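Enquirer: Please see the structure below; I have some questions.
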Amino acid sequence: MKNYEVAWALQELADLLDLTGENSFKSRAYRVAARRIQALPKDISDLYREGRLTEIDGIGTAIAQKIGELLTTGEISLAQRLREQIPAGLFDVLTVPGVGPKRAYQFYRELGIDSLSKLKEAAKERKLRRLKGMGSKIESTVLAGIERIENPEKKRRLLLNTADYYGCLFKDRLAQHPQVTEVAVAGSLRRMVETIGDLDLVVATESPQEVAEYFKSFPEFGELVANGPTKISAIHKSGFQVDLRIVTPQEYPSALLHFTGSADHNIRLRQLAKGKGFRLSEYGLESTTDSKEVVTPASEAALYAFLGLPYIPPELREDRGEIEAGLAGELPKLVELADIRGDLHIHSCWSDGGATVEELARAAAQRGYQYIAICDHSRSLKIANGLELERLKRQHADIAELNARGDLGITVLTGIEVDILDERLDYEDDVLAEIDVVVASVHSGFKQPLERIMARIELAMRNPHVDILAHPTGRLLQRRSGYAVDMNRVIDLAVETGTALEINSFPDRLDLDDLTARKALQRGATIVINTDSHHLEQLAYMTYGVAMARRAWAGPGQILNCKDLTSLRKWLRDRGSTH
Ligand code: DGT
Ligand code: CA
Ligand code: CA
Ligand code: ZN
């Protein structure tokens, strides 16, 4: 039995324990042991024969006994027992992206969900959000996942967070193999395109066969659609494809560049190489003279340098002017996650979020932020538990009290996501005037004609109390296109009124998109990158919003929430008085 096969068995045992609600210390210990064994340079069965299993860090006598049982009988009896005890449908529930064994157990215990169809029903009836630790967005995640499993032929693209989750998982797992020297995610995920067709990974090794066998053994893969010595394509149980390219360490930089793409960017690079007398491919640069000399640059940066270019960040590799800018030495310095000082659109459990203001503040402080704004829904959005005036006042008092305690390490600004109704906003101006950060958004009348939607948006943007227009097109990726909106006009209004336009980092929105955001920046509009978090863990979605801003060629100086708190306060104050 190979090391990784032992690792998969321990991982499965950990999943099974979580699925039965067993205490999580045990499952965590099995997961740790699995990771250790995967990365072990020695053969686990040799160590077992020599009676040295417990010398491995993270393996005590109990786990060693399970491994011994597995190696001698081919099965862990505890796993077998648990498998028989768990309703079969729970394993289907587990294939839904975003639902791990702990969540699956929670659904089962609290709502009796033991099949995909019951999960779907509960999501549609909005029952999942009531469970501890879930926000309202859990239901759309679950429904999108089930839709993909039920209709594999539809070939829907993955949302960025799902692709990112699996990309990291497979990358880390490949990196643990002792024969792997380098591994990276490539393709559209590395470029952070808003949705991902399939996952691409490039791995460098001197032992391609072993690495290929290892990859093919990943327990969550179903059928293989390509199975060559250097190219493997596997279909994940939940329906998406994963492509692996196996190359030598010498070829790795050229292969990474090639498989990162985009195809259009690659074509331009090949033209540049040709001008220098070389043929560029995934294997390196081959001289077109008789010498046929092959150059294999030591890094992507060296490869770009060879072509007379500075390093071009993956987010820019779309042939949208990055080659010209690079040749002219005019590539922008792009905004980075570390430049972000705060998040100005976050929901708490005062409306439809899953966390308290204090929990959110602490989590945001841990991210290194200086400030956040709590922008819950306004009163008309009844399904999201929008705030009546009385509750809004209480929330503001609460926030003031939190700030006064002075131990948060962060400033919490008051905020609101005010609904743009027909011909008015959901609160009067005197209410809005009292709020630090006013985010306005359209949540109704999606089918209205363009004139009418534009009139509503214009009214909001011309209101001096409105600071930010949230998710300006209202689109939901893979589900619905936005309402009818003239983005050119919205950008003009943003420039005229100084209202910031949001890049909403939520993976199903990413609205503004990269091209529109770029246009807005070129015309001088202010952009803010918010997460619209409804749950603590969603604060991390900031990465995706930043990626969209990078794809829009944005520098930190152009992003509102890269300002420090003092400058932000000044910006908020000045706005109130300009119009
Ligand atoms: P996706 O999967 O639809 O989200 O988009 P990509 O960009 O990940 O496309 P994919 O997976 O077909 O290929 C990954 C990269 O490999 C692509 O960005 C560039 C490179 N590549 C693949 N096929 C070709 C090709 O026919 N010509 C060129 N120039 N490059 C290719
Ligand atoms: Ca791809
Ligand atoms: Ca691919
Ligand atoms: Zn929101």
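Values in this text are rule-based calculations from the coordinates and carry no lab data. Values in this document were obtained by computation on a predicted structure and should not be read as measured data. FYI the Cβ positions are ideal-geometry reconstructions off the backbone, even for glycines, and counts take in every protein chain you see.
Enquirer: Could you derive backbone 3J(HN,Hα) for segment 456-465 from the dihedral phi with the Karplus parameters 6.51, -1.76 and 1.60 (θ = phi - 60°), listing whole Hz in sequence and x where the residue is Gly or Pro?
Expert: 5, 5, 5, 4, 5, 5, 7, 6, x, 7
Enquirer: Does the chain come out rounded, prolate or oblate by the C-alpha gyration tensor, with a ≥ b ≥ c the root eigenvalues, rounded set by a/c under 1.5 and, if not, prolate when a/b is larger than b/c and oblate if not?
Expert: Working: a/c = 2.09, a/b = 1.26, b/c = 1.65.
Oblate is the answer for the chain, as a/c is 1.5 or above yet b/c matches or exceeds a/b.
Enquirer: Using θ = phi - 60° and the Karplus form 6.51 cos²θ - 1.76 cosθ + 1.60, what ³J(HN,Hα) does each residue of segment 12-29 get, whole Hz, x for Gly and Pro?
Expert: Calculated HN-Hα couplings, in order: 5, 4, 4, 4, 4, 5, 5, 5, 9, x, 4, 5, 7, 4, 4, 5, 4, 4 Hz.
Enquirer: Report the local net charge at Arg190: Lys and Arg +1, Asp and Glu -1, summed over other residues whose C-beta lies under 10 Å from its C-beta. Walk me through the intermediate numbers first.
Expert: Working: positive: Arg191, Arg317; negative: Asp200, Glu315.
Every neighbour counted, the sum reads 0.
Enquirer: If you put +1 on each Lys and Arg Cβ and -1 on each Asp and Glu Cβ, how big is the dipole of segment 337-578 around its Cα centre, in Debye rounded to 20? Intermediate results must be reported in sequence, preceding the final value.
Expert: On the way: 29 positive and 36 negative charges, 140 e Å.
In debye, rounded to 20, segment 337-578 gives about 680.
Enquirer: Give the relative contact order (percent, whole number) for the chain; include only Cα pairs under 8 Å separated by 6+ residues. Spell out each step's value before the answer.
Expert: Details: 1064 pairs, mean separation 55.7, N = 579.
It comes to 10 percent, rounded to a whole number.
Enquirer: Quick one: what are the phi-derived ³J(HN,Hα) couplings along segment 151-163, Karplus 6.51/-1.76/1.60 with θ = phi - 60°, whole Hz, x for glycine and proline?
Expert: 10, x, 6, 6, 6, 5, 7, 7, 5, 4, 5, 5, 4
Enquirer: Expected output is a single nm value to one decimal: the length gained when fully extending between Glu22 and Lys237, i.e. 0.36 nm times separation in residues minus the C-alpha distance. What is it?
Expert: Details: separation 215, 0.36 × 215 = 77.40 nm, distance 2.54 nm.
Taking Glu22 through Lys237 to full extension adds about 74.9 nm, to one decimal.
Enquirer: I've got another one for you. Treating only the Cβ atoms of Lys and Arg (+1) and Asp and Glu (-1) as charged, compute the dipole magnitude of the chain about its Cα centre; round to the nearest 20 debye.
Expert: Details: 75 positive and 84 negative charges, 78 e Å.
It works out to roughly 380 debye.
Enquirer: Using 0.36 nm times the number of residues separating Arg479 and Ala175, minus their current alpha carbon distance, what extension gain do you get? Present the calculation step by step, with values, prior to reporting the outcome.
Expert: On the way: separation 304, 0.36 × 304 = 109.44 nm, distance 3.49 nm.
Additional length available on full extension: 106.0 nm.
Enquirer: If packing is taken as the average count of other Cβ atoms within 10 Å, what order do 325-333, 265-273 fall into, highest mean first?
Expert: In decreasing order of mean packing, 325-333, 265-273 become 265-273, 325-333.
Enquirer: Using +1 on the beta carbon of Lys and Arg, -1 on that of Asp and Glu, and nothing else charged, what's the dipole of segment 284-341 about the Cα centre, debye to 20? Before the final figure, lay out the partial values.
Expert: Working: 5 positive and 12 negative charges, 33 e Å.
My answer is approximately 160 debye.
Enquirer: Could you pull out every one of the aspartates and glutamates with an alpha carbon less than 15 Å from that of Lys132, ignoring same-chain neighbours closer than 8 positions?
Expert: Straight-distance partners of Lys132: Glu110, Asp352, Glu359, Glu537.
Enquirer: Starting with the highest mean, order 402-409, 145-152, 387-394 by the number of other Cβ atoms within 10 Å, averaged over the residues of each peptide.
Expert: Details: 402-409: 11.4, 145-152: 16.8, 387-394: 14.5.
Ranked from most to least packed, the peptides come out as 145-152, 387-394, 402-409.
Enquirer: How many angstrom lie between the Cα centre of segment 207-238 and the Cα centre of segment 464-533?
Expert: 40
Enquirer: Rounded, prolate or oblate, given the Cα gyration tensor of segment 337-578, with a/c below 1.5 counting as rounded? It would help to have the intermediate numbers written out before the result.
Expert: Working: a/c = 1.42, a/b = 1.18, b/c = 1.21.
Verdict is rounded for segment 337-578.
Enquirer: Could you work out the relative contact order of segment 337-578, using alpha carbon pairs under 8 angstrom and six or more residues apart, expressed as a whole percent? Please report the intermediate quantities before stating the final value.
Expert: Values: 504 pairs, mean separation 48.2, N = 242.
Over segment 337-578, the number comes to 20 percent.
Enquirer: What is the list of residues in segment 54-72 whose amide nitrogen lies under 19 Å from a point 7 angstrom out from the Cα of Ser207, following Cα to Cβ?
Expert: Output list for this probe position: empty.
Enquirer: Just add up the charged neighbours of Trp553: K/R +1, D/E -1, any other residue whose Cβ is under 15 Å from the Cβ of Trp553. Please report the intermediate quantities before stating the final value.
Expert: Details: positive: Arg191, Arg317, Arg320, Lys333, Arg518, Lys519, Arg523, Arg550, Arg551; negative: Glu315, Glu318, Asp319, Glu322, Glu324, Glu330, Glu336, Asp339, Asp513, Asp514.
So the surrounding residues net to -1.
Enquirer: How would segment 483-527 be classified by its alpha-carbon gyration tensor: rounded, prolate or oblate, with rounded meaning a/c under 1.5 and the a/b versus b/c comparison settling the rest? Write down the numbers at each step before the final one.
Expert: Numbers: a/c = 1.82, a/b = 1.51, b/c = 1.21.
Prolate, because a/c is 1.5 or more and a/b exceeds b/c.
Enquirer: Cβ under 13 Å from Tyr166's Cβ, Tyr166 left aside: what net charge do those residues give with Lys, Arg +1 and Asp, Glu -1?
Expert: Values: positive: Arg148, Lys171, Arg173, Lys237; negative: Asp164, Asp172, Asp198, Asp200, Glu220, Asp243.
Net local charge, Tyr166 excluded: -2.
Enquirer: Continuing with this model, one more query. Count neighbours as other Cβ atoms within 10 Å of each site's Cβ, and list the GluC sites (Glu not before Pro) in segment 73-116 that are DSSP loop with at most 13 such neighbours. Intermediate results must be reported in sequence, preceding the final value.
Expert: Values: sites: Glu75, Glu84, Glu110; in loops: Glu75.
The qualifying sites are Glu75.
Enquirer: Sorted by mean Cβ packing within 10 Å, highest first, what order do the peptides 249-256, 311-318 take? Before the final figure, lay out the partial values.
Expert: Numbers: 249-256: 21.2, 311-318: 19.8.
Final packing ranking: 249-256, 311-318.
Enquirer: With the cut-off at 30 Å, tell me which of the pairs Lys231/Lys519; Lys276/Lys519; Lys137/Lys393; Lys66/Lys216 have Cα atoms farther apart than that.
Expert: Working: Lys231/Lys519 39 Å; Lys276/Lys519 34 Å; Lys137/Lys393 26 Å; Lys66/Lys216 25 Å.
The answer is Lys231/Lys519; Lys276/Lys519.
Enquirer: How far apart, in nm, are the 7 Å Cα→Cβ label points at Glu537 and Lys2?
Expert: Reported label-point gap for Glu537 and Lys2 is 2.9 nm.
Enquirer: Of all DSSP beta bridges in segment 281-420, what percent run antiparallel (nearest 5)? Write out the running numbers ahead of the final one.
Expert: Details: 3 of 12 bridges.
Expressed as a percentage, antiparallel bridges in segment 281-420 total about 25.
Enquirer: Which residues does the label zone of Phe306 cover in segment 231-263, counting backbone N under 12 Å from a point 7 Å along Cα→Cβ?
Expert: Residues 250-258 fall inside that zone.
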